[in-house]
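The values are calculated or read from the model by the stated rules, or taken from the named source; none is laboratory data. Computed from a predicted model, the values in this text were never measured in an experiment. Cβ placement follows ideal geometry from the backbone for every residue including glycine, while neighbour counts extend to all protein chains displayed.
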Amino acid sequence: MPELPEVETVRCGLAPVLEGARLKRVITRRPDLRFPLPDGFGQRLTGRRVSAVRRRAKYLLIEIDDASIVLAHLGMSGRFRIFENPPPPEEPHDHVIFETDTGTTIRFNDPRRFGFMDIIDADGQADNKFLAGLGPEPLDPTFDAAALSIRLEGKAAPLKAALLDQRVVAGLGNIYVCEALHRARLSPRRKSRTIGPARAVRLVGAIKEVLETAIAAGGSSLRDHRQTNGELGYFQHAFQVYGREGEACRSCGPNHPIQRIVQSGRSTFYCPHCQR
């Protein structure tokens, strides 16, 4: 499932063509994605102007000039494609189409239909079932060692599991937690409550660094992720541990292979030699 860098990459592609544009036409090719689309979805958006395109955790928030927000999640296979010129013929899984007054066409394609879209009131974000309770944004300047330490305090859960909890930090997923823990030289098995100030500084720095590097690379394309121009992301070529079971740790050398363990039903990749 797309994580923060993949969603941020999509946001960066959508913002220049949507912000300030009027939605000349919004077309739905089916009544539902993962959930039913709101009644009159296309009609409610047609003629409205987009104020901003934001991201919260792994969600896209397209702000509309009538104080509503299109809340979108990519699911497993959802992707937005942007066509500045007359678009090619529609593909079978182009489920939602946005046409702007500038001549741009944006199509949401989702073969598995695990993504969703909803229209919510801007004033109701704090109570929305998907947004309520989310932790801090890891790239926000206010997310620092002190903020992380507070959220890990007293937790007996393994550090990997705690970082995947969206109430602790918003937007992190399996790939980037594995990569950040390796950069911070911290074991995914370590109890969360044992992260003292020095380790918290290393971990916050590693989280920010790996996310910023991944965004610059267009995210990671392991299966379905595409940027809005159709190109693959390429951060997967820079993985230090994720998916590299049995291969040499790039920090420790050939005598120390990457191991895979299962935590909470998810594969964890790490180097037992340098991650303590």
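A few notes on this one:
- Residue satisfying condition, being surrounded by fewer than 18 Cβ atoms within 10 Å (Cβ to Cβ) and either more than 27 Å from G218 (Cβ to Cβ) or in contact with a Cys (Cβ under 9 Å, 6 or more places away or on another chain) (or both), within set R34, R22: R22
- Test: residue in segment 199-215 that is touching a residue at least 24 places away in the same chain (Cβ under 8 Å), polar (S, T, N, Q) and either out of contact with any Ser or Thr (no Cβ under 6 Å at 6 or more places or on another chain) or at positive phi (or both): yes
- Scanning segment 47-58 turns up no residue that is outside the structural domain of Q166 (by TED's automatic domain parsing), surrounded by 14 or more Cβ atoms within 10 Å (Cβ to Cβ) and closer than 13 Å to F108 by Cβ.
- Taken as a whole, the structure places E84 among residues that are touching a residue at least 12 places away in the same chain (Cβ under 8 Å) and surrounded by fewer than 18 Cβ atoms within 10 Å (Cβ to Cβ).
- Only a single item in (1) surrounded by 15 or more Cβ atoms within 10 Å (Cβ to Cβ); (2) out of contact with any helix residue (DSSP H, G or I) (no Cβ under 7 Å at 6 or more places or on another chain) is not met by G196, and it is number (1).
- Subset of segment 218-246 (residues that are surrounded by fewer than 20 Cβ atoms within 10 Å (Cβ to Cβ), more than 26 Å from E91 (Cβ to Cβ) and among the aliphatic types (A, V, I, L, M)): A238
- Among the candidates L37, L14, residue that is within 23 Å of A214 (Cβ to Cβ) and at pLDDT 95 or above: L14
- Residue match in segment 258-270 (condition: over 20 Å from A161 (Cα atoms), outside the structural domain of N109 (by TED's automatic domain parsing), at pLDDT 95 or above and touching a Cys at 6+ places or on another chain (Cβ under 7 Å)): no
- Candidates P111, P141, filtered to the one that is outside any helix (DSSP H, G or I), out of contact with any Ser or Thr (no Cβ under 6 Å at 6 or more places or on another chain) and either farther than 30 Å from R30 by Cα or not aromatic (F, W, Y) (or both): P141
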